[in-house]
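**Q** Structure in structure tokens, see below.
The values are calculated or read from the model by the stated rules, or taken from the named source; none is laboratory data. Just so it is clear, the model here is predicted, and its values are computed rather than measured. Backbone-built Cβ (ideal geometry, glycine too); neighbour counts: all protein chains shown.
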Amino acid sequence: MQKKLSPPLYKVKNISGITNLASGELCLILNMQDILHYDFNKAITSAAAPQLLPTDVLSYKRILVVDDSITTRTMIKNILMNTGYMVDAVLDAEEALVKLKLSHYDLIITDITMPKIDGYEFIERLKTDEMYSDIPIVVMSSLPAKTALKKLSRFKIEYYVPKDNFNQVEFSQQIKRILTKYHI
């Protein structure tokens, strides 16, 4: 059975978890998606450079999109993937919690109005769990920003995206800003 690494080890590149072998020994599990996505040519040419460019670093970021609307989920996933991010998209918070146990994410984008577990409860669970509390969260909702942010004020939300006034350029810039902020 695969287990996710605990902080701060879960941020180790190309490792997705740990498991016990039949002999009882611990074994690290490689994250093949990260390894296959890695651009070795870029790494070789940038090795001589003093530091990686933010776009190089950002291309390895994993984002989880949680929204019960297939239209929104697909649109956001496509925008982010076309920018170069690795993206998983799920229907609800329950699916998201399962995904979070299996993989590390650098950013979570979530709706508020969802079946079963709403966005408020989902965010509260994340922010009160040591394993996920440091993952930045972007809220994307059709609820008025004032109403939603007031209810979320005790938790640190990086950015609020109104669904009814969605601006793709601004959204992409904010995602890059947030991921750059948390990379350093």
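**Q** For the range 75-130: of the residues being of a type in the set (Phe, Trp, Tyr) and in a helix (DSSP H, G or I), which is nearest to Pro144 (Cα to Cα)?
**A** Here the residue is Tyr120.
**Q** Tell me which residues, restricted to the range 63-76, are surrounded by fewer than 19 Cβ atoms within 10 Å (Cβ to Cβ) and either within 19 Å of Lys176 (Cβ to Cβ) or in contact (Cβ under 8 Å) with a residue 40 or more places away in the chain (or both).
**A** Asp68, Ser69, Met75
**Q** Among (1) surrounded by 12 or more Cβ atoms within 10 Å (Cβ to Cβ); (2) at pLDDT below 85, there is one condition Thr147 misses while meeting the rest; what is its number?
**A** It is condition (1) that Thr147 fails.
**Q** Now for a separate question. When you check Ile178 against the structure, is it in contact (Cβ under 8 Å) with a residue 60 or more places away in the chain, assigned to a helix (DSSP H, G or I) and touching a strand residue (DSSP E or B) at 6+ places or on another chain (Cβ under 8 Å), yes or no?
**A** Here the answer is yes, as Ile178 does meet what is asked.
**Q** Out of Ser141, Ser133, which single residue is touching a Pro at 6+ places or on another chain (Cβ under 8 Å), within 18 Å of Ile63 (Cα to Cα) and either of a type in the set (S, T, N, Q) or exposed (fewer than 14 other Cβ atoms within 10 Å of the Cβ) (or both)? Break it down into steps so the answer makes sense when it comes.
**A** Details: Ser133 fails: touching a Pro at 6+ places or on another chain (Cβ under 8 Å).
From the options Ser141, Ser133, the qualifying one is Ser141.
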